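Participant: Take a look at this one; I'll ask things after.
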Amino acid sequence: MNRSSTTSEDISLAHEGFLVLGRFRYLKISLLLCIAALTAYIWDDPKGGPGGGTTLGYTLGTIGALLIVWLTWLGIRKRRYSSNLGTVKGWTSAHVYLGLSLIVIATLHTAFQFGWNVHTLAYVLMCGVIASGIYGIIAYSSYPSQITANRASGTRDAWLTELEELNEQSIKIADSIGPEVHKVVVRSVESARIGGSIREQLFGTHLKKQAGVFESLRESLDTHLTAAISAPAKKTNLMATEMFMAGQLAGSERSVQEAERIRKLLDLLARRRDLVARINRDIRLQARMQVWLYVHVPLTLGLLAALIAHIVSVFLYW
């Protein structure tokens, strides 16, 4: 009986999210820390008014500095699964909530006095680190499920392999239809964009277009589109290719075998369009989930440098 209940409890803890870990254990600790700091700040009445150089100011500054160093270590700890000092989930929860408490502690340490100096620089960098961390929380809470849903029918490696096969089949069938069709399909294959620039990866600009994944083929397709279809030449690339194929099918007398080849080619091109869109969506979700680290880590290093400069200048000049 005890074994059963213990097992159920272990399973429950294993599925517990890091934000609600231990019934919001670290949130409660952070709130208590913030309340204590606020209470001390309100009741403190130093000569000359509140500031970073008062007894409370030094106390809050010391707590804030220790928290920054400790939280930086927590960030390293989260990526070291070999350590036995607590769980990754627990350290992540502490990292999040204690990091947020820094907003209150550091602000009270400054006594709302800011200027163009290294002290304010350290505060601004700290806010940047916290803001990027908040984005990281949101990213890791939402994007993994979207990535899983997008990969329901396969993996990126499998999709890339299939895309290569579709390219080969499309070119082979296009070659059997005629040189103009072959030229258009080859141009379509060569202009396919997977991933793209950082901006494209993050914002999916090539997914927002109707066909979404191929560079402009207007130079080679405008003449054919004008003659074969009434749609404007600004249709997106793969869609333009499909419409050109449809025009070829409807606009001339062809044998049953050739018409069947064109229909098959249209199916392949449609599959290519969907497949490239799915691959780029997978890349976009991964990029959005990981990009915050390229901001969070450099800002953290900058914060540590500014914090050292802040502490040294305080002891040297105050």
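Participant: Assuming R0 = 30 Å, what is the FRET efficiency of residue 305 and residue 198, from their Cβ-Cβ distance, to the nearest 0.05?
Facilitator: My answer for the efficiency is 0.70.
Participant: Neighbouring Cβ atoms within 10 Å as the yardstick, rank 294, 123, 135, 41 fewest first.
Facilitator: Placing the least packed residue first, the sequence is 294, 135, 41, 123.
Participant: Treat each spin label as a single point 7 Å out from the Cα along the C-beta direction, and report the residue 313 to residue 267 distance in nm.
Facilitator: 7.0
Participant: Calculate, for residue 148 and residue 32, the FRET efficiency according to 1/(1 + (r/R0)^6) with r their C-beta to C-beta distance and R0 30 Å; round to the nearest 0.05.
Facilitator: Efficiency for this residue pair is about 0.25.
Rule-based calculations on the coordinates, nothing more; no lab input. Computed from a prediction, not measured in an experiment: that's the story for all the values here. For neighbour counting, all protein chains shown are included, and Cβ atoms are generated from backbone atoms with ideal geometry for every residue, glycine included.
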